[in-house]
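Scroll down for the structure; my scribbles are underneath it.
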Amino acid sequence: MLALPSVAAASVEPDSALHAYARARFADDSGVQALAVESYRAALRFDPASLDIARRSYFQALEAGDKALALRSAALLDNGGMLPRDGTLLRLGDALARKDWAGARTLADRMVEEANFAFLAPVVRSWISLGEGSYAPPVVDPQDRFAALVQRYVDEHVALQALARKDVTAALPAIRRALAQRSTDAQALRLTFAAQLAMRGAKAEALMLVPAGDLQFARARADIERGRKIANGASLTPAQGVARLFARLAVDVGSDQSAVLLGLRLARMATFADPASEEARIVTARLLTAAGYSDAAVAEVRQVPADGWYGVLAQSELVDALAGAGDTQGALILARRLAAAPGADAARQVALGRLLAQADDFDGAAAAFRAAQAGYADDKMPWTLLLFEGSALEQGQHWNKARAVLERAARIAPNEPVILNYLGYAQIERRQNIDEALALLKRASALKPQDPSITDSLGWAQFVTGHVDAALPVLERAAAAAPADVTINEHLGDALWTAGRRYEARYAWRAASVYADGDVADRLAAKRIEGLKPEYAAP
């Protein structure tokens, strides 16, 4: 165990475990992945038995993609009885990559004992059996409490295992079921199945998975039609199969912002088990961006060839990564090119629109959102596209046009609280149609009572209509649910001041000031000194 002595930092030897560990912790806390990994590696070299160093280097190595350091740290932690539960998956992927079937079975049993990832065991064991040459398909006990969860993953692997055994007939119904289960990553899954089918002579079935006229499938479709050799069409090994399982789980876990880092670690494990997987690279890049490591995401996604089967999907992730890394211009150039390409879908236009809105080009954003609507009939129009357009128009000071678009969205989705809230609050801000706007906000709050932004909208509407006593408990509830929200705390402060609760009002304005900037920060500072005056009222 590494103990920190009570000496001045200047007296620490530069070539020591303590010095390297301190540097690693500083880099870790600062989000400098490369320096953190380098320093943890050095610290572990100086003190190879330190569980404290191993614990931190394990997580950082996984998040940064250093396979050797991750495995070394995991082995040390395992020997010390401190390996995190996801470490069993890391070691499992390594055992499969080395074709250590007995070791993999032991680790699969351990997954079940540890419980956290036990639901994956049927799929993992089926891949091990394929590697051993005595294939047994995954079996899910319908009485198992995790049966519904594991079923989300089973069909994909039943199909891939059937294709690995060149049994196209058995694969096709499993492919249909697997695609029906997926949503956020169905495009990549279609490409994988299409490649596997094409390599086994099922050209017609492969082409059915890659629709004509769709930009993201254009390269795949052309290759299949022309009978070109398909680089990613070889039968999957057990390590590659389980890597896909890890990547799929990473997508599901990482969709929850509170679990992004776990999702990232799982995605990295997928790239360790199958370094050639372009899909795993794309998933990893997405989660790196979500975790705030956008520079690393840019490097990761650029490993996927732009002119390959997964190129369009990778380029879409690159747009987000560049924007996250602060290269707004680069992100916009790429987003414009993707949106202008023949066969570009609505998602490309939406990505461009969001970037333009972030750059305060609201007219350009509204045009992009309108372009995204072009492929939909009126009765099939997604309300989200209208909300995006209406928001851009409203922020671009085209309120009459925005209101017409938002009202159309409300007619399409009359019980969607996000639309009701936006339309109602925008009118309250302008002090228009107060009674109608208040009714919209009451409906939105009834539909989604736990949403603090909607609760705030309702409370603020009650306040500006003169119902201060009714507004206060509503605004207090919103602030309790979102204590760091600038707008909510300012609204609460204004209402408290009006109700004569001056000390509490200044406290609320002080809370709002913590994250405020620009004109809002100036307004809050003035209110804390002078109190609420007409010129300082929240909009």
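For the reader, a short list of remarks on this structure follows.
- Summary of packing: across the peptides 161-167, 138-144, 259-265, 207-213, the per-residue average of other C-beta atoms within 10 Å ranks them, highest first, as 259-265, 161-167, 207-213, 138-144.
- Treating r as the C-beta distance of residue 499 and residue 333 and R0 as 45 Å, the FRET efficiency rounds to 0.30.
- Which of 101, 309 has the fewest Cβ neighbours within 10 Å, and the rest in rising order: 101, 309
- Centroid-to-centroid separation of the stretch 415-438 and the stretch 503-539 [C-alpha atoms, Å]: 24
- Entry note, the chain: the mean residue ellipticity at 222 nm calculated from DSSP H runs of n ≥ 4, each adding -39500 (n - 2.57), is -22000 deg cm²/dmol after division by the residues and rounding to the nearest 500.
- The fewest-to-most ranking of 425, 376, 58, 293 by surrounding Cβ atoms within 10 Å reads 376, 425, 293, 58.
- Length gained on full extension, residue 16 to residue 447, computed as 0.36 nm times the residue gap minus the Cα-Cα distance: 149.2 nm.
- Prolate/oblate/rounded call for the stretch 5-135, Cα gyration tensor, a/c under 1.5 rounded: prolate
- In this Cβ point-charge picture (+1 for Lys and Arg, -1 for Asp and Glu), the stretch 143-325 has a dipole of about 520 debye about its Cα centre.
- Highest-first packing order for the peptide set 168-176, 297-305, 86-94 is 86-94, 297-305, 168-176, based on the mean count of other beta carbon atoms within 10 Å.
- Sorted peptide list for 441-450, 524-533, 117-126, criterion being average Cβ within 10 angstrom, highest first: 117-126, 441-450, 524-533
- Three-way shape label, the chain, alpha-carbon gyration tensor, a/c 1.5: oblate
- Shape of the stretch 143-325, Cα gyration tensor, a/c cut at 1.5: oblate
Every read-out reported here was derived from the displayed coordinates using simple, explicitly stated rules and does not represent laboratory data. Since the model is a prediction, treat every value here as computed from it, not as a measurement. Here the Cβ is made from the backbone with ideal geometry for all residues, glycine too, and neighbour counts use every protein chain on show.
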